[in-house]
1. Do we find a residue being surrounded by 13 or more Cβ atoms within 10 Å (Cβ to Cβ), part of a helix (DSSP H, G or I), at negative phi and not acidic (Asp, Glu) anywhere in the stretch 57-65?
2. Is there any pair linking a residue in the stretch 48-71 that is farther than 23 Å from residue 110 by Cα to one that is in a helix (DSSP H, G or I), with Cβ under 7 Å and at least six apart or on different chains, and which?
3. Among the residues of the stretch 1-43, count how many are part of a loop (DSSP other than H, G, I, E, B) and among the aliphatic types (A, V, I, L, M).
4. Checking the structure you have, find out if any residue of the stretch 5-20 is within 19 Å of the chain's Cα centre (by Cα), closer than 21 Å to residue 125 by Cβ and modelled with pLDDT under 95.
Amino acid sequence: MEKNTIKFSRKDSANFFRTLNKRVNAYFADNNLKKTGNWRLHLKTAVMFSLFLAPYFLILTLNLPTWANLLLTITMGVGMAGVGMNVMHDGNHGSYSTKKWVNKLMGSSIYILAGNVYNWQVQHNVLHHT
């Protein structure tokens, strides 16, 4: 089986970016949408933090059977992933809020996941998006 590699011309990348940017901006304008979070994002934030922190405190404070602790740790893992892939990600991209300090606070939620904002910004914004 032969492997084909797809390559794109570098000279077209600036034009592609301008066209894409115009279309994205037009979509938001045509649909009367903000580029930052709304009540749905804030609800998702509350749900994700609850899925992460509520099981954590239950594990710390209650003497539960092993099977219950296992279910709580699975739930906690889902919450951790949700905080990381949603809240922290949107905050560090500056799209969580129009307020810079709110984006910084939400982006800093990576610290409760044992991560580092600077490391994420280099790995994600620089290495992934460029």
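The values are calculated or read from the model by the stated rules, or taken from the named source; none is laboratory data. Here the structure is a predicted model, which means the values were calculated and not measured. Using ideal geometry, Cβ is built from the backbone for each residue, glycine included, and neighbour counts are taken over all protein chains shown.
1. Looking through the stretch 57-65, at least one residue is surrounded by 13 or more Cβ atoms within 10 Å (Cβ to Cβ), part of a helix (DSSP H, G or I), at negative phi and not acidic (Asp, Glu).
2. Short answer, once both residue conditions are applied: 69/59.
3. Initially, the stretch 1-43 is screened for residues part of a loop (DSSP other than H, G, I, E, B), giving 1-9, 31-38.
Narrowing the set further to residues that are among the aliphatic types (A, V, I, L, M) leaves 1, 6, 33.
Looking only at that region, the number is 3.
4. No: zero hits.
Results for (1) surrounded by fewer than 17 Cβ atoms within 10 Å (Cβ to Cβ); (2) aliphatic (A, V, I, L, M), shown as yes or no for each residue.
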position: 37; (1), (2): no, no
position: 44; (1), (2): yes, no
position: 81; (1), (2): yes, yes
position: 108; (1), (2): yes, no
position: 117; (1), (2): yes, yes
